[in-house]
Structure formats: structure tokens, C-alpha cells
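The values are calculated or read from the model by the stated rules, or taken from the named source; none is laboratory data. Every value quoted in this text rests on a predicted model; they were computed, and no experiment measured them. Neighbour counts run over all protein chains shown; Cβ positions are idealised from the backbone, glycine included.
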Amino acid sequence: GTLLGGGATYFTTANIITSGLLSVAEPPQAPLGVLDFTPVGGLIALAGIAYIVVFAPRLLPERASRWQPAVMAQSVSLTRKAALCTAILGLSVSAAVLGLPTYLAMLGGALMALLSGLVTADEAYSMVEWRTIFLVAGMYSVGLALTQTGIAAALGALMVGAVQPFGALGLASGVFWLTIAFAHMM
């Protein structure tokens with residue numbers, strides 16, 4: 001639900017790329033704002049969340065969770081931790097909105113969570129999905145190859161040309177479907 005909802009805002013990789021493509025489109029167009037993706041992304045998010053709620057539980061196998069939440073320290077209340085977590089998230093997102101690169105804003109948020117005692121280093125380490133980290137690292141070389149060979153530019157130009165008559169929302173939709181196709185291929 002979080003990933004689907006993120007698609008309704010500017011803060012996803014595909015949406016940031018889409019906004020950047022507008023400046024090189026023919027004719028050049030103004031970049032999209034934070035909520036310009038909401039009409040398309042919101043509908044996709046609602047459909048996806050409905051699927052998750054109605055159908056997904058029936059498709060998942062029965063198994064025990066391998067991740068157990070850490071035992072919280074007795075001296076710090078749950079309410080205080082929730083407030084601290086919300087404040088750190090707000091600061092991180094605000095820093096990204098104000099121009100700090102998103103990866104640095106989120107890294108800063110993670111460091112604040114560690115330094116404030118919200119999570120311990122062991123808890124943070126155990127929460128990292130290492131398979132995902134290695135998958136993303138492996139995909140970097142594929143992305144680099146697609147960029148250096150010109151395949152990415154050719155596909156991007158082809159997609160922009162196909163969806164340009166539909167305006168900014170068509171461009172957002174086209175990048176979404178192109179991203180889905182490549183993500184499944186990877």
C-alpha cells in the first residue's frame with residue numbers, strides 16, 4: 001500500500017524520471033509538481049490496495065513470520081517512540097522536498113533513528129533485506145549498460161513520442177507501464 005500510494009506523488013523513481021523527461025519533450029514542458037501524479041497514481045493505488053485487501057490474503061502461503069519485533073526498552077514509552085519516529089520521518093521528507101537528494105535525506109533519517117536510540121544497530125541490521133540490496137546492486141550494472149548503449153534513450157524517446165498526445169498524465173502512465181515491464185523482466 002505504501003509503494004502504491006507513493007506512486008500518487010512525485011517521490012518515486014519513475015515519477016522523478018517522468019518529470020525530468022518533460023523538459024526534453026518536444027515541445028518542452030514544465031516539470032510536474034508533487035501532487036500532479038495523483039489522478040493516475042491515486043487510481044492505481046486504490047485498485048492495488050483493493051486487490052491487496054480482497055485477493056492477496058488468499059494467495060499467500062501459511063507460514064510463521066521470521067521477523068520478530070524487538071522488545072522495547074521499559075524506560076521509553078510507545079507514544080514517545082511513535083512521536084520521535086514521526087518527527088524523524090517528517091524531517092527527512094521535508095529535507096527531500098526542500099532540495100536535499102532523497103537518498104541523503106533518508107540516510108539522515110536512518111542515522112537520526114540510530115543516534116536517538118529509536119532502534120539499535122543490531123535491530124537496524126536485522127531489518128535490512130540483504131537480498132534486495134544485492135538485487136539493486138546487480139540491476140545497477142544492467143541500468144548502466146542500457147544507458148551507455150543508448151537503448152534507454154531510444155526506449156524513452158519512443159515512449160515519450162507514443163504518449164505525448166495524452167499530456168503529462170499520459171507520460172506518467174507510460175513511464176509507469178514501461179517501469180513495470182522492465183521491473184518484471186529484471
Legend entry - Within the stretch 2-59, considering residues that are surrounded by fewer than 11 Cβ atoms within 10 Å (Cβ to Cβ) and assigned to a loop (DSSP other than H, G, I, E, B), the one modelled with the highest pLDDT: F55
Inset, instruction - Could you tell me which numbered condition M127 fails, if it satisfies all but one of (1) surrounded by 12 or more Cβ atoms within 10 Å (Cβ to Cβ); (2) in contact (Cβ under 8 Å) with a residue 60 or more places away in the chain? - result: (1)
Inset, instruction - Output the qualifying pairs, or none if there are none: Cβ atoms under 7 angstrom, residues six or more apart or on different chains, first residue in the stretch 32-59 and within 19 Å of W177 (Cα to Cα) and of a type in the set (D, E), second residue modelled with pLDDT under 85 and not in a loop (DSSP other than H, G, I, E, B). - result: D36/A168
Inset, instruction - Tell me which residues, restricted to the stretch 105-151, are polar (S, T, N, Q) and either assigned to a loop (DSSP other than H, G, I, E, B) or touching a Leu at 6+ places or on another chain (Cβ under 8 Å) (or both). - result: S116, T120
